[in-house]
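A short reminder: the numbers here are calculations on the coordinates, not readings from a lab. This structure is a prediction, so every number in the text was calculated from the model and none was measured. Glycine gets a Cβ as well: all are built from the backbone with ideal geometry, and neighbour counts include every protein chain shown.
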Amino acid sequence: MAKAGRNRPAAAPTKPAAKPEFSRPVDVSRMGRLEHRMEIKANEEERAALARRFDLIELPALAAELVLKKRGDGVIEMSGRWHGRVVQRCVVTLEPVAAELEGGVRLFFGGTGAAAAADPLDDEGWPEPIEGGVIDAGEAVAQLMAVSLDPYPRAPGVAAPAG
C-alpha cells in the first residue's frame, strides 16, 4: 500500500452518495416513446427530512403530477406541476411564516449530439445527466421547491428595512 508522501496526499475516503430525502427514481433506460405519468407525494418522514435540509420549521405538504416523455433526440422531458406548503422563520421576529408554493415543471435529462450541446441560454438549456439509466423525480421536485422559497420571509405586519 502506498504511503502519502510529500508530493502525494493521502487519498480521501470515499463516501457513498447520500440518498435524497424524497427519492422517486424512474428507470428511463428502457423507456419507450409513450408518456409515463406519475403522481408523487412526500410522506411525513420525507417532509420532516426535507424541512431539516432546507431549514424550514415545517413542510406540511409536497406533491407533484408529472409526465415523462422520451423525445426523438433521446432527451427525456419531464413536465407537470408541483405544489407545496411550507412554514419558514421570519427573518426579523423568527415567528412562523406559512406559504403556499406551486410551479410548473419543465426539465430535460440526458441526450447526445446536438441535444447535449444545446445552448444554455435557449429555452431548454443543457439537459441534466442521467445516472445509471435512472432519474429521480422526487429530488427534482424538492429542488424546484427549494429555489421557490422566499429567501427573506417576513411575518405579517413586519416591514422591510428602509433603504
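Screening residue 68 with (1) out of contact with any helix residue (DSSP H, G or I) (no Cβ under 7 Å at 6 or more places or on another chain); (2) in contact (Cβ under 8 Å) with a residue 60 or more places away in the chain; (3) closer than 13 Å to residue 141 by Cα gives one miss only, at (3).
Residues in the stretch 42-86 that are within 14 Å of the chain's Cα centre (by Cα), in a strand (DSSP E or B) and closer than 12 Å to residue 22 by Cβ: 62, 63, 64, 82, 84.
Are there any pairs with C-beta distances below 7 angstrom linking a residue in the stretch 127-140 that is closer than 18 Å to residue 30 by Cα to a residue that is charged (D, E, K, R), with the two at least 6 apart or on different chains, and if so which? Listed by first residue and then by second, the contacts come to 133/27; 134/27; 136/24; 137/24.
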